[in-house]
Amino acid sequence: TSAATTSRARITSHGGRSERLRPISTAPSSSNRYFSNRKNNKRPMKPKYILALDQGTTSSRAVLFNSRCEIVSMSQRPFNQQFPQPGWVEHNPLEIWSTQSFVMENVVNKADIEWSDIEALGITNQRETTVVWDRQTSEPVYNAIVWQDRRTADYCDVLRERGLTKRIREKTGLILDAYFSATKIRWILDNVPGARARAERDELCFGTVDSWLAWRLSGGRLHITDVSNASRTMLFDIHTLDWDDELLDLFDIPRSMLPEVVPTSAVYGTTDCPQIPVPIPIASLAGDQQAALFGQQCIAPFSAKTTYGTGCFIMLNTGDRPHASANNLLATVAWQLGGKTTYALEGSVFVGGSVIQWLRDGLKLFSSSADSEPLAASVEDTGGVYLVPALTGLGAPYWDPYARGTIVGITRGTTSAHITRAALEAIAFEVDDVVRAMAADTGHTSTEMRVDGGAVANSLLMQFQADLTGVRIIRPSVMESTALGVAMFAGLAVGFWHSTDEICALLKPDRTFSPEAAPALMEQRRKRWHEAVRRSRHWVEE
């Protein structure tokens with residue numbers, strides 16, 4: 001890729017003054033060409049750390065890891081969700097930056113360390129969310145349009161009617177959908193006054209959130225994205241690993257807006273912003289789900305993980321080549337490490353843990369998300385209630401932007417406990433749909449699945465997931481798999497860790513959930529779920 005010319009510079013300090021030494025050669029070798037050659041050096045006596053910036057859909061987090069992959073300090077701050085119209089979801093990019101700045105400073109203060117104790121930082125991010133900003137002022141021209149946003153669904157229908165679905169999928173591995181960045185960029189250029197003319201004059205930059213943060217952290221010197229994030233834009237050819245001119249012409253997007261595509265693990269430059277007083281290597285960028293796959297040690301082909309966050313994201317490592325799906329799943333780039341590209345098969349569920357947030361904030365059924373487990377456990381089952389959480393349409397394997405949330409099977413005996421349990425079970429049903437689609441695509445049935453994300457603390461949900469899928473569910477001891485994954489990428493890039501084997505030896509599971517329910521009962525429940533899904537589909541369209 002174009003990152004083959006990226007040079008690295010070691011930073012040393014002389015009485016508070018930073019001096020850039022000669023670049024380290026990036027010539028190919030038998031080891032990872034982007035890794036620091038530190039393995040023959042003795043580790044300094046003073047502890048060193050890796051800082052992971054985890055910018056999610058509802059909050060910004062910073063997590064500090066030591067050399068044993070232990071969390072030393074963590075800080076989190078939520079930011080506002082904006083819903084200007086039904087189906088629209090936006091974030092303020094400046095608020096994303098301010099909250100991320102706050103937590104990265106706070107995490108260092110909480111750990112009582114010096115900034116110079118941090119060997120490198122990595123950025124992992126909500127994917128597909130689209131930011132366009134002014135190249136000179138660094139000011140956004142519009143709010144960030146979030147991955148959940150459905151405003152361009154009609155435009156996707158137009159492209160579908162033109163017969164472009166197959167061509168787009170062949171190049172990108174993606175379903176033609178409003179989920180991805182391309183149609184969001186076009187919307188901004190067409191609807192923000194003057195934006196298209198400014199873009200054509202090379203005045204505007206586009207980036208997913210990793211690009212936006214790298215730009216701000218580097219003082220506007222780095223306009224980059226890694227292959228995992230680029231592969232989610234619907235503008236990137238996952239076979240050639242480059243932006244595709246045919247797709248850029250199709251969506252009418254100037255190539256000059258796009259960031260340079262770089263490996264997932266490499267030193268791209270150093271920080272240069274008021275919030276960080278010393279230059280720190282920026283050494284990894286990774287989409288949140290790809291980072292979680294790596295953080296869960298799903299490094300071997302056909303190993304899989306599910307992240308239970310705002311949405312649910314099921315990802316299967318497919319090795320060194322993309323795997324075309326016949327069941328509406330996505331072929332995507334997992335990471336590029338040591339000059340090798342790894343691919344994955346993914347199913348994205350739009351509403352996962354956010355259905356519990358909706359029960360908490362919208363219906364006021366409980367005051368804390370943690371209360372959902374005891375409330376659901378207070379009844380033996382859902383009492384025949386099924387909840388389809390299509391609050392922003394349905395993702396994989398249905399891809400129906402016109403579906404809407406549905407609750408069926410309500411009787412006079414239905415209580416808030418039954419509805420809460422139905423919501424938790426719905427998350428598991430959504431994941432099961434994708435797991436079964438992956439098995440059909442690959443012909444490979446997994447015996448275990450690794451899990452992470454906030455909802456995995458809910459043991460009732462995890463046990464039901466094991467019963468439904470019929471596989472062992474492995475919950476990790478380090479629950480922050482996304483942050484851990486990007487920290488691992490950054491640490492490998494600077495020689496903080498020397499191999500994935502070294503890292504994996506440090507990580508142990510927390511708990512395993514094995515299937516307990518009768519398969520016939522689960523199949524009966526699955527059929528009723530699919531009937532509920534059928535009733536939720538095409539609601540807006542009809």
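The values are calculated or read from the model by the stated rules, or taken from the named source; none is laboratory data. None of the values given here were measured: they were computed from a predicted structure. As a convention, Cβ positions derive from the backbone with ideal geometry for all residues, glycine included, and neighbour counts pool all protein chains shown. Only protein heavy atoms, including side chains, enter the accessible area calculation; ligands, DNA and RNA are left aside. Shrake-Rupley method; radii C 1.70, N 1.55, O 1.52, S 1.80 Å.
For the reader, a short list of remarks on this structure follows.
- Reported count of residues in the range 435-488, each being polar (S, T, N, Q), modelled with pLDDT of 90 or more, within 30 Å of ASP210 (Cα to Cα) and part of a helix (DSSP H, G or I), is 1.
- Screening CYS504 with (1) within 27 Å of SER60 (Cα to Cα); (2) surrounded by 21 or more Cβ atoms within 10 Å (Cβ to Cβ) gives one miss only, at (2).
- Test: SER459 is touching a Leu at 6+ places or on another chain (Cβ under 8 Å) and under 28 Å from GLY405 (Cα atoms): no
- Qualifying residues in the range 231-258 (those that are in contact with an Asp or Glu (Cβ under 6 Å, 6 or more places away or on another chain) and of a type in the set (D, E, K, R)) - the one surrounded by the most Cβ atoms within 10 Å (Cβ to Cβ): ARG232
- Single residue of the range 332-361 satisfying the filter (free of Cβ contacts under 8 Å to residues at least 60 places away in the same chain and more than 30 Å from ARG404 (Cβ to Cβ)) that is surrounded by the fewest Cβ atoms within 10 Å (Cβ to Cβ): LYS340
- Tally, over the range 88-113, of residues that are touching a Pro at 6+ places or on another chain (Cβ under 9 Å) and farther than 20 Å from THR208 by Cα: 1
- Only one of ASP202, ASP226 that is surrounded by 24 or more Cβ atoms within 10 Å (Cβ to Cβ) and either more than 30 Å from PRO277 (Cβ to Cβ) or under 17 Å from the mean Cα position of the chain (by Cα) (or both): ASP226
Every residue, every condition in (1) in contact with a strand residue (DSSP E or B) (Cβ under 9 Å, 6 or more places away or on another chain); (2) surrounded by fewer than 23 Cβ atoms within 10 Å (Cβ to Cβ); (3) more than 25 Å from PHE294 (Cβ to Cβ); (4) of a type outside the set (Val, Ile, Thr), yes or no:
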{"site": "ARG404", "(1), (2), (3), (4)": "yes, yes, yes, yes"}
{"site": "ILE407", "(1), (2), (3), (4)": "yes, yes, yes, no"}
{"site": "ILE410", "(1), (2), (3), (4)": "no, yes, yes, no"}
{"site": "THR415", "(1), (2), (3), (4)": "no, yes, yes, no"}
{"site": "VAL451", "(1), (2), (3), (4)": "yes, no, no, no"}
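Conditions tested, residue by residue: (1) of a type outside the set (S, T, N, Q); (2) buried (at least 20 other Cβ atoms within 10 Å of the Cβ).
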| residue | (1), (2) |
| --- | --- |
| GLU260 | yes, no |
| THR264 | no, yes |
| TYR268 | yes, yes |
| GLN275 | no, no |
| VAL278 | yes, no |
| ALA291 | yes, yes |
| PHE294 | yes, yes |
| CYS298 | yes, yes |
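- Leading residue by the ranking (most open to solvent (accessible area, probe 1.4 Å)) among those in the range 362-388 that are modelled with pLDDT under 95 and within 24 Å of the chain's Cα centre (by Cα): ALA370
- Every residue from the range 384-403 that is part of a loop (DSSP other than H, G, I, E, B) and either farther than 18 Å from ASP157 by Cα or touching a Lys or Arg at 6+ places or on another chain (Cβ under 9 Å) (or both): GLY384, VAL385, PRO389, ALA390, THR392, PRO397, TYR398, PRO401, TYR402, ALA403
- Restricted to the range 389-418, and to residues there that are aliphatic (A, V, I, L, M), modelled with pLDDT under 95 and closer than 14 Å to ALA532 by Cβ, the residue that is nearest to the chain's Cα centre (by Cα) is LEU394.
- Lone unmet requirement of (1) modelled with pLDDT of 95 or more; (2) surrounded by 24 or more Cβ atoms within 10 Å (Cβ to Cβ); (3) not charged (D, E, K, R) for GLY173: (1)
Table: residues versus (1) modelled with pLDDT of 95 or more; (2) out of contact with any His (no Cβ under 9 Å at 6 or more places or on another chain); (3) over 20 Å from ILE427 (Cα atoms).
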| site | (1), (2), (3) |
| --- | --- |
| ALA490 | yes, yes, yes |
| THR500 | no, yes, yes |
| CYS504 | no, yes, yes |
| ASP510 | no, yes, yes |
| ALA517 | no, yes, no |
| ARG526 | yes, yes, no |
| HIS530 | yes, yes, no |
| VAL533 | yes, yes, no |
| ARG537 | no, yes, no |
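- Restricting the range 313-325 to residues that are more than 13 Å from ARG436 (Cβ to Cβ) and in contact (Cβ under 8 Å) with a residue 24 or more places away in the chain, the residue that is surrounded by the fewest Cβ atoms within 10 Å (Cβ to Cβ): ALA324
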